[in-house]
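These notes are about the structure you will find just below.
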């Protein structure tokens with residue numbers, strides 16, 4: 001038994017001593033593009049665009065194309081009207097391939113159209129409607145925002161940041177896209 005433990009320890013020491021020089025030769029941040037720190041947005045729209053990117057808004061609210069690249073021809077337009085819903089899985093959470101719809105114990109949530117389209121987006125919303133929705137997690141129709149919407153991460157943002165996000169959303173091209181309603185759990 002002692003012989004097996006000694007051999008295992010020797011193997012671990014050998015593996016560590018051989019791998020450390022390899023790890024030490026890797027450049028810091030290997031695999032990541034070089035950093036390009038950005039200054040704070042000069043205008044409310046620029047600051048709002050930064051906050052939307054940092055907050056991950058595009059992750060769910062912007063459809064994806066090939067290789068999961070954001071389809072920036074329709075930014076923040078929500079779940080595409082005819083896109084598939086996520087599959088049912090037992091005891092888990094799933095998403096569709098565009099990451100615009102999610103299924104879990106809460107039912108099916110569908111990323112809303114955040115563009116200023118008056119019929120299918122936020123075109124008839126006011127800044128007060130937007131702030132109240134982010135602060136409370138309940139939209140102006142009385143619907144509770146569902147996971148994975150990170151309301152707990154957003155509800156305490158300063159008014160200045162919410163106003164910047166709102167300015168950015170208002171600056172987008174309106175995209176007509178009926179996303180449908182969330183589905184209750186089965």
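Just so it is clear, none of the values below were taken in a lab; they were calculated from the coordinates. Just so we're clear, the structure is a prediction, and the values are computed from it rather than from any experiment. Note that we place each Cβ from the backbone using ideal geometry, even for glycine, and neighbour counts take in every protein chain shown.
Odds and ends about this structure:
- Cα-Cα P(r), region 43-171, percent of pairs per 5 Å interval: 2, 11, 19, 25, 21, 14, 6, 2, 0, 0
- Segment residue 54-residue 69, length gained on full extension (0.36 nm per residue, minus Cα span): 3.8 nm
- Shown for 89, 179: other C-beta atoms within 10 Å of each C-beta, ranked fewest to most, produce the order 89, 179.
- Each label was represented as a point 7 Å from its Cα along the Cα-to-Cβ direction; for residue 36 and residue 140 these points are 3.6 nm apart.
- Residues 186, 140 in ascending order of nearby Cβ atoms (within 10 Å, fewest first): 186, 140.
- With coordinates expressed along the principal axes, the C-alpha atoms belonging to region 112-186 extend over 40, 28, 18 Å, beginning with the largest.
- Efficiency of FRET from Cβ geometry, residue 43 and residue 93, R₀ 41 Å, rounded to 0.05: 0.65
- Prolate/oblate/rounded call for region 63-127, Cα gyration tensor, a/c under 1.5 rounded: oblate
- Average Cα contact separation per residue, region 42-108, under 8 Å, 6 or more apart, as relative contact order %: 25 percent
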